[in-house]
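Written below as structure tokens is the structure these notes are about.
The values are calculated or read from the model by the stated rules, or taken from the named source; none is laboratory data. Computed from a predicted structure; not experimentally measured. Every residue, glycine as well, gets a Cβ built from its backbone with ideal geometry; the counts of neighbours run over all protein chains shown.
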């Protein structure tokens with residue numbers, strides 16, 4: 001009598017692994033030694049989806065788009081400090097910006113927060129501030145006297161702050177925008 005035996009300890013075949021990953025911008029990301037780096041980030045790029053992927057070598061970067069990050073510190077009640085300046089580009093159209101601003105007075109350990117909506121039109125060479133609205137403002141103590149300005153400088157959308165005399169105040173902003181042309 002003969003018998004045929006198949007060992008149950010045999011390993012399964014290796015899984016099928018992708019050899020390249022197509023991205024929105026740049027070339028495909030290709031793993032090296034089965035390693036693919038996937039960092040995240042932000043970009044001011046205009047992408048209506050709000051997210052994009054970039055490939056280069058064995059790196060696949062995932063970015064949140066249509067975002068502007070700003071920050072600054074004031075130490076007096078006179079000098080304007082620019083949190084960010086956003087170039088609107090050569091394509092005529094309208095931007096709607098939503099600014100989220102967190103404020104901390106280091107001197108007195110008090111804070112404030114704001115949400116601001118600004119609408120700006122550009123000809124592609126010069127900007128026009130159509131209007132703005134502070135959607136929400138929450139302030140402690142003397143921070144009710146802060147100055148926050150959205151201005152146009154040429155074809156740039158600029159956000160500036162003026163602090164308080166004798167106070168060191170830190171500002172951090174994240175701005176989202178949509179653009180129609």
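Which condition number in (1) modelled with pLDDT of 95 or more; (2) crowded, with 16+ Cβ neighbours inside 10 Å; (3) over 22 Å from residue 152 (Cα atoms) is the one that residue 76 fails?
(2)
Are there strands (runs of 3 or more DSSP E) fully within region 42-103 with at least 1 residues that are within 17 Å of residue 160 (Cα to Cα) and in contact (Cβ under 8 Å) with a residue 60 or more places away in the chain? List them. Please lay out each step first, then the result.
On the way: elements: 51-56, 59-64, 67-74, 81-87.
So the answer is 67-74, 81-87.
Whether any residue in region 31-39 is more than 19 Å from residue 151 (Cα to Cα) and surrounded by 14 or more Cβ atoms within 10 Å (Cβ to Cβ) is what I want to check.
Yes: one or more hits.
Each row is one residue, and each column tells you yes or no for (1) in contact (Cβ under 8 Å) with a residue 60 or more places away in the chain; (2) touching a strand residue (DSSP E or B) at 6+ places or on another chain (Cβ under 7 Å); (3) surrounded by 16 or more Cβ atoms within 10 Å (Cβ to Cβ).
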site: 114; (1), (2), (3): no, yes, yes
site: 126; (1), (2), (3): no, no, no
site: 133; (1), (2), (3): no, yes, no
site: 172; (1), (2), (3): yes, yes, no
site: 176; (1), (2), (3): yes, yes, no
